[in-house]
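For reference, the structure discussed in these notes is given below.
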Amino acid sequence: LFLVHKYNCVSNSYQMLVEAIKASKGEKERNSLTVLLAFVRGVHPDVLSDIEDLIKSSNKTTDPLILAYGSLASSLPPQLQLHVIQFLHSRMDQNDEEALTHLIHSMGNTESNMTVKFLTSSLEHNNPSIQLAAIYALRYFTASMDVQQSLLNALYSDSSEKVVEMTL
(Lines give C-alpha, C1' and ligand atoms only; values in the text may rest on other atoms or scores of the structure.)
Protein backbone atom coordinates (compact mmCIF):
# COMPACT_ATOMS: atom_id res chain seq x y z
CA LEU A 1 0.00 0.00 0.00
CA PHE A 2 2.86 2.37 0.84
CA LEU A 3 4.47 1.76 -2.57
CA VAL A 4 1.18 2.41 -4.36
CA HIS A 5 0.75 5.65 -2.41
CA LYS A 6 4.38 6.66 -3.11
CA TYR A 7 3.93 5.91 -6.85
CA ASN A 8 0.73 7.95 -6.98
CA CYS A 9 2.41 10.90 -5.24
CA VAL A 10 5.40 10.80 -7.59
CA SER A 11 3.16 10.37 -10.64
CA ASN A 12 0.99 13.26 -9.47
CA SER A 13 4.04 15.50 -8.97
CA TYR A 14 5.12 14.86 -12.58
CA GLN A 15 1.62 15.63 -13.74
CA MET A 16 1.60 18.80 -11.65
CA LEU A 17 4.86 19.89 -13.28
CA VAL A 18 3.39 19.34 -16.76
CA GLU A 19 0.27 21.28 -15.72
CA ALA A 20 2.49 24.12 -14.48
CA ILE A 21 4.25 24.18 -17.86
CA LYS A 22 0.86 24.37 -19.59
CA ALA A 23 -0.20 27.25 -17.34
CA SER A 24 3.10 29.15 -17.46
CA LYS A 25 2.70 32.84 -18.14
CA GLY A 26 5.84 33.52 -20.13
CA GLU A 27 8.76 31.95 -21.93
CA LYS A 28 11.14 32.33 -18.97
CA GLU A 29 8.75 30.57 -16.61
CA ARG A 30 8.08 27.81 -19.14
CA ASN A 31 11.80 27.30 -19.75
CA SER A 32 12.54 27.12 -16.01
CA LEU A 33 9.85 24.51 -15.50
CA THR A 34 11.10 22.62 -18.55
CA VAL A 35 14.59 22.43 -17.04
CA LEU A 36 13.07 20.87 -13.92
CA LEU A 37 11.26 18.35 -16.09
CA ALA A 38 14.53 17.33 -17.75
CA PHE A 39 15.77 15.96 -14.43
CA VAL A 40 12.68 13.84 -13.75
CA ARG A 41 13.19 10.08 -13.78
CA GLY A 42 10.71 7.25 -14.34
CA VAL A 43 7.85 9.22 -15.89
CA HIS A 44 4.48 7.55 -16.31
CA PRO A 45 3.37 6.98 -19.96
CA ASP A 46 0.39 9.31 -19.48
CA VAL A 47 2.77 12.14 -18.65
CA LEU A 48 4.71 11.37 -21.84
CA SER A 49 1.49 11.81 -23.82
CA ASP A 50 0.82 15.15 -22.16
CA ILE A 51 4.34 16.34 -22.99
CA GLU A 52 3.94 15.20 -26.60
CA ASP A 53 0.72 17.18 -26.82
CA LEU A 54 2.52 20.27 -25.49
CA ILE A 55 5.30 19.84 -28.04
CA LYS A 56 2.82 19.40 -30.88
CA SER A 57 0.86 22.48 -29.83
CA SER A 58 3.96 24.65 -29.57
CA ASN A 59 4.67 26.90 -32.52
CA LYS A 60 8.40 26.71 -31.83
CA THR A 61 10.31 23.96 -33.61
CA THR A 62 13.13 24.53 -31.11
CA ASP A 63 10.98 24.40 -28.00
CA PRO A 64 13.23 23.51 -25.00
CA LEU A 65 10.58 20.98 -24.06
CA ILE A 66 11.87 18.82 -26.94
CA LEU A 67 15.27 18.55 -25.23
CA ALA A 68 13.69 17.75 -21.88
CA TYR A 69 11.49 15.11 -23.51
CA GLY A 70 14.55 13.34 -24.91
CA SER A 71 16.28 13.33 -21.54
CA LEU A 72 13.27 11.65 -19.92
CA ALA A 73 13.93 8.53 -22.00
CA SER A 74 17.21 7.74 -20.24
CA SER A 75 15.37 6.42 -17.18
CA LEU A 76 12.55 4.63 -18.99
CA PRO A 77 12.22 0.94 -19.88
CA PRO A 78 13.22 0.04 -23.47
CA GLN A 79 9.68 0.00 -24.90
CA LEU A 80 9.03 3.54 -23.63
CA GLN A 81 12.49 4.68 -24.79
CA LEU A 82 11.53 3.43 -28.23
CA HIS A 83 8.27 5.39 -28.02
CA VAL A 84 10.17 8.61 -27.19
CA ILE A 85 12.69 8.00 -29.99
CA GLN A 86 9.93 7.31 -32.51
CA PHE A 87 8.12 10.49 -31.51
CA LEU A 88 11.31 12.53 -31.93
CA HIS A 89 12.13 10.81 -35.21
CA SER A 90 8.63 11.55 -36.53
CA ARG A 91 9.41 15.26 -36.17
CA MET A 92 12.62 14.98 -38.22
CA ASP A 93 10.90 15.76 -41.51
CA GLN A 94 11.64 19.41 -40.91
CA ASN A 95 13.88 21.18 -43.40
CA ASP A 96 14.79 23.82 -40.86
CA GLU A 97 18.46 23.42 -39.86
CA GLU A 98 17.86 24.79 -36.35
CA ALA A 99 14.93 22.43 -35.74
CA LEU A 100 16.87 19.41 -37.00
CA THR A 101 19.86 20.32 -34.84
CA HIS A 102 17.54 20.63 -31.84
CA LEU A 103 15.99 17.22 -32.51
CA ILE A 104 19.42 15.59 -32.89
CA HIS A 105 20.42 16.97 -29.48
CA SER A 106 17.22 15.56 -28.02
CA MET A 107 17.95 12.14 -29.57
CA GLY A 108 21.36 12.23 -27.88
CA ASN A 109 19.71 13.12 -24.58
CA THR A 110 17.84 9.82 -24.66
CA GLU A 111 21.19 8.07 -24.04
CA SER A 112 19.71 5.10 -25.89
CA ASN A 113 21.71 2.78 -28.12
CA MET A 114 18.67 2.78 -30.39
CA THR A 115 19.71 6.25 -31.62
CA VAL A 116 23.31 5.44 -32.57
CA LYS A 117 22.62 4.47 -36.17
CA PHE A 118 20.66 7.65 -36.82
CA LEU A 119 23.21 9.84 -35.04
CA THR A 120 26.20 8.36 -36.85
CA SER A 121 24.43 8.83 -40.19
CA SER A 122 23.96 12.49 -39.24
CA LEU A 123 27.76 12.82 -39.17
CA GLU A 124 27.66 12.49 -42.97
CA HIS A 125 25.30 15.45 -43.38
CA ASN A 126 26.68 18.25 -45.55
CA ASN A 127 25.80 20.89 -42.95
CA PRO A 128 28.52 21.46 -40.28
CA SER A 129 25.93 22.53 -37.67
CA ILE A 130 24.13 19.22 -38.02
CA GLN A 131 27.44 17.34 -37.90
CA LEU A 132 28.37 19.19 -34.70
CA ALA A 133 25.01 18.35 -33.14
CA ALA A 134 25.54 14.67 -34.01
CA ILE A 135 29.06 14.67 -32.56
CA TYR A 136 27.76 16.17 -29.33
CA ALA A 137 24.79 13.78 -29.23
CA LEU A 138 27.15 10.79 -29.59
CA ARG A 139 29.01 11.72 -26.38
CA TYR A 140 27.30 8.88 -24.49
CA PHE A 141 28.48 6.26 -26.95
CA THR A 142 32.19 6.95 -27.43
CA ALA A 143 33.12 3.54 -25.99
CA SER A 144 31.44 1.88 -28.98
CA MET A 145 33.88 0.86 -31.71
CA ASP A 146 31.26 1.63 -34.38
CA VAL A 147 30.84 5.16 -33.03
CA GLN A 148 34.62 5.63 -32.85
CA GLN A 149 34.92 4.55 -36.48
CA SER A 150 32.13 6.91 -37.53
CA LEU A 151 33.85 9.77 -35.73
CA LEU A 152 37.14 8.92 -37.45
CA ASN A 153 35.37 8.86 -40.81
CA ALA A 154 33.95 12.30 -40.03
CA LEU A 155 37.47 13.53 -39.27
CA TYR A 156 38.83 12.12 -42.53
CA SER A 157 36.04 13.60 -44.60
CA ASP A 158 36.11 17.14 -45.87
CA SER A 159 35.27 18.50 -42.43
CA SER A 160 35.25 22.02 -41.15
CA GLU A 161 37.72 23.11 -38.50
CA LYS A 162 34.92 23.16 -35.90
CA VAL A 163 33.93 19.56 -36.69
CA VAL A 164 37.54 18.44 -36.28
CA GLU A 165 37.91 20.40 -33.04
CA MET A 166 34.67 19.02 -31.60
CA THR A 167 35.50 15.44 -32.57
CA LEU A 168 38.90 15.58 -30.94
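The values are calculated or read from the model by the stated rules, or taken from the named source; none is laboratory data. What you see is a predicted model, and the numbers here were worked out from it, not measured in a lab. All Cβ positions, glycine included, derive from the backbone under ideal geometry; neighbour counts span all protein chains shown. Note: areas computed on protein heavy atoms with side chains; ligands, DNA, RNA excluded. Shrake-Rupley method; radii C 1.70, N 1.55, O 1.52, S 1.80 Å.
Pairs of alpha-carbon atoms within less than 8 angstrom and 6+ residues apart define the contacts here; what relative contact order does the chain have, in percent?
15
With θ set to phi - 60°, apply the Karplus curve 6.51 cos²θ - 1.76 cosθ + 1.60 along region 110-127 and write out the HN-Hα couplings as whole Hz, x wherever there is a Gly or Pro.
The phi angles translate into 5, 6, 9, 4, 5, 9, 4, 4, 5, 5, 5, 5, 5, 5, 8, 4, 7, 9 Hz.
To the nearest whole percent, what portion of all C-alpha pairs in region 62-102 is separated by more than 15 angstrom?
Of all Cα-Cα pairs in region 62-102, 42 percent lie more than 15 Å apart.
Counting other C-beta atoms within 10 Å, and keeping those with at most 16, which DSSP coil chymotrypsin sites (Phe, Trp or Tyr not before Pro) do you find in region 14-122?
Here the chymotrypsin sites (Phe, Trp or Tyr not before Pro) that fit, given the DSSP loop and packing criteria, are Phe39.
In deg cm²/dmol and to the nearest 500, what is the mean residue ellipticity at 222 nm of the chain if only DSSP H runs of at least 4 residues count, each as -39500 (n - 2.57), divided by the residue total? Intermediate results must be reported in sequence, preceding the final value.
Working: 10 runs with 118 residues, N = 168.
Here the helix-only value at 222 nm equals -21500 deg cm²/dmol.
Shape call for region 100-148 from the C-alpha gyration tensor, a ≥ b ≥ c root eigenvalues: rounded (a/c under 1.5), prolate (a/b greater than b/c) or oblate?
Note, shape of region 100-148 comes out oblate.
In nm, give the distance between the simple-model label positions of Lys56 and Asn126, each being 7 Å from the Cα along the Cα-to-Cβ direction.
3.4
So what does Arg41 come to for accessible area, using a 1.4 Å probe and Å² rounded to 10?
Solvent-accessible area, nearest 10 Å²: 100 Å².
Between Leu155 and Tyr136, what length in nm is gained on full extension when 0.36 nm per residue of separation is reduced by their alpha carbon distance?
The Leu155-Tyr136 span can extend by a further 5.4 nm.
Using the scaling law 2.2 N^0.38 Å as the reference, what is the normalised Cα Rg of region 36-168?
1.05
Students sometimes get this wrong: rank His44, His102, His83 by accessible area, probe 1.4 Å, all chains present, largest first.
Greatest to least solvent exposure: His83, His44, His102.
Give the accessible area for Lys60 in Å² (nearest 10); use a 1.4 Å probe, count only protein heavy atoms, and leave out ligands, DNA and RNA.
Here the residue's solvent-accessible area equals roughly 80 Å².
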